[in-house]
Amino acid sequence: MSDVRGDSLLLEAQGVRKVFAGERSFLGLGPRAEVSPVLHGVDLSMGHGEVTGLIGESGSGKTTFGKCLLRIVEPSGGSIRLEGEDWLRVPKDQLQQRRTRFQMIYQNPYACLNPGLTVESHLKETLKVICGITGSEADDRVAVELGRFGMEDKRGAYPGELSGGEKRRVSVARTLLTEPVLVVADEPTSGLDASVKADVLDAMMYARSERTAYLFISHDLDVIRFVSDRILVMYRGRIVEVMEKERIDPDVDHHPYTVRLFEAARSEVPTEEESKALADSASVVGALEGGCPYRSLCQIWQSRGRPDDACVRERPELITLAPHQKVACHVLAEEAGVASPQTPVSSGSLEAEPSQESVT
Ligand SMILES: Nc1ncnc2c1ncn2[C@@H]1O[C@H](COP(=O)(O)OP(=O)(O)O)[C@@H](O)[C@H]1O
Ligand code: SF4
Ligand SMILES: [Mg+2]
């Protein structure tokens, strides 16, 4: 994926893998339970100021990927370069200091707010601890930030006196105050009603510096479409589709899983069948015997699949289906007349992957 802005890449992640070690039994005695591979080699490149949306339903590995990029969770394999630097070689004791430029907005930002500090104190504390800025310079920066987020009248309020949307805005304001170049925003609008959601999104998009890039994680396709230059669709730890802005359109050909996500986003209230299908797709981990991981839920396969199809034999890799679009699907590749690169899966479930990665 190229840097659409033409300047040097902010982030180049290749083949990022994560395998969580299983828990030991009671008192740490006995063998570990089975390891659980969560990311199976995820690539992402981003330029400064870009917004990449990462979508997939609960349990697909979105948060783990975001945390691996920032080394909040250590990846088990792959490579990550941030602003050209080999990020995986940065010593652990330097990570905290470096992360001021690479930050995460957590799914539950409330936990990060101190109930005994006012909004203004939260912002000043952040400037002091992270940027070493105090006094009149801090006063000025905080005043500007409160203005950007429309929170001037809340400067003296404590978290307990704020609405859900206001708490999110404080959390976002704190993050942007330090002028990071990359923010991993994990479900920053989940649980908010529509108007508050739009409000928080607006604040996030317009209060950032022009070099601040977002990896915007959500299971809400509508939100992601609104903000993104590019969308990655993740299914069980693999990217099954990449759409640049030009292809973020429900009416063009998409991976069957993306189609399902578009359909769920279109219906205001998901039907019982859709809810069940989406829940099922998150819970069938390990149930397949090779081939395409999405097969058991795939509409195309269900309507015309045969036992000797490539869908059964080989795992599809991402291929360029159209300008600005990559898809991991044998049938779409064939229909578009593109040779589908394949990864043979000799036997066993998805968990029986070739594994040169360490288990952490
Ligand atoms: N610390 C951990 N230890 C073991 N398994 C984990 C850990 N964190 C996440 N997982 C597992 O990784 C999978 C993906 O989780 P997550 O990245 O949170 O998905 P998402 O953000 O898409 O909902 C889930 O099955 C989850 O249980
Ligand atoms: S490769 Fe086959 S099973 Fe997988 S998504 Fe495409 S059509 Fe469906
Ligand atoms: Mg998550």
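The values are calculated or read from the model by the stated rules, or taken from the named source; none is laboratory data. On a predicted model such as this, the values are computed, not experimentally measured, just so you know. Here Cβ is always computed from backbone atoms with ideal geometry, including for glycine, and neighbour counts include all displayed protein chains. The accessibility values were calculated without ligands, DNA or RNA, using every heavy atom of the protein model including side chains. Shrake-Rupley method; radii C 1.70, N 1.55, O 1.52, S 1.80 Å.
Taking into account only those residues within region 173-205 that are acidic (Asp, Glu) and away from ligand 3 (no atom under 16 Å from the Cβ), which is most open to solvent (accessible area, probe 1.4 Å)? Spell out the reasoning first.
Kept after step one, since they are acidic (Asp, Glu), are these residues of region 173-205: 179, 186-187, 193, 199, 202.
Now restrict to residues that are away from ligand 3 (no atom under 16 Å from the Cβ): 179, 193, 199, 202.
On the way: 179: 114, 193: 96, 199: 67, 202: 67 Å².
Only one residue fits best here, namely 179.
Condition test on residue 166, is it surrounded by fewer than 23 Cβ atoms within 10 Å (Cβ to Cβ) and either under 18 Å from residue 122 (Cα atoms) or not assigned by TED's automatic domain parsing to the domain that holds residue 81 (or both)?
When the stated conditions are applied, residue 166 passes them.
So, residue 256, is that one buried (at least 20 other Cβ atoms within 10 Å of the Cβ) and more than 16 Å from ligand 3 (Cβ to nearest atom) or not? So residue 256 passes the test.
Give the residues of region 144-156 that are open to solvent by 10 Å² or more (accessible area, probe 1.4 Å) and either hydrophobic (A, V, I, L, M, F, W, C) or in contact with a Ser or Thr (Cβ under 9 Å, 6 or more places away or on another chain) (or both), sorted by residue number.
Step one: of region 144-156, the residues open to solvent by 10 Å² or more (accessible area, probe 1.4 Å) are 144, 147-148, 150, 152-156.
The answer is 144, 154, 155, 156.
Determine if region 232-251 includes at least one residue that is hydroxyl-bearing (Ser, Thr, Tyr), within 16 Å of ligand 1 (Cβ to nearest atom), in the same structural domain as residue 67 (by TED's automatic domain parsing) and modelled with pLDDT under 95. No, region 232-251 has no match at all. The one condition from (1) in contact (Cβ under 8 Å) with a residue 24 or more places away in the chain; (2) farther than 16 Å from residue 107 by Cα; (3) not assigned by TED's automatic domain parsing to the domain that holds residue 61 that residue 203 does not meet is (3).
Of all the criteria given as (1) at pLDDT 90 or above; (2) open to solvent by less than 30 Å² (accessible area, probe 1.4 Å), the one not satisfied by residue 22 is (1).
In region 290-360, counting only strands (runs of 3 or more DSSP E) that sit wholly within it, the ones holding 1 or more residues that are at pLDDT 80 or above span 314-316, 319-322, 325-327.
Just to be sure, is residue 77 closer than 20 Å to residue 293 by Cβ and open to solvent by 50 Å² or more (accessible area, probe 1.4 Å)? Working first, answer last.
On the way: closer than 20 Å to residue 293 by Cβ: yes; open to solvent by 50 Å² or more (accessible area, probe 1.4 Å): no.
No, not satisfied.
A single entry from 190, 171, 195 fulfils the requirement of being within 30 Å of residue 222 (Cα to Cα) and in a loop (DSSP other than H, G, I, E, B): 190. Checked against (1) open to solvent by 10 Å² or more (accessible area, probe 1.4 Å); (2) closer than 30 Å to residue 259 by Cβ; (3) modelled with pLDDT of 95 or more, residue 66 passes all but condition (1).
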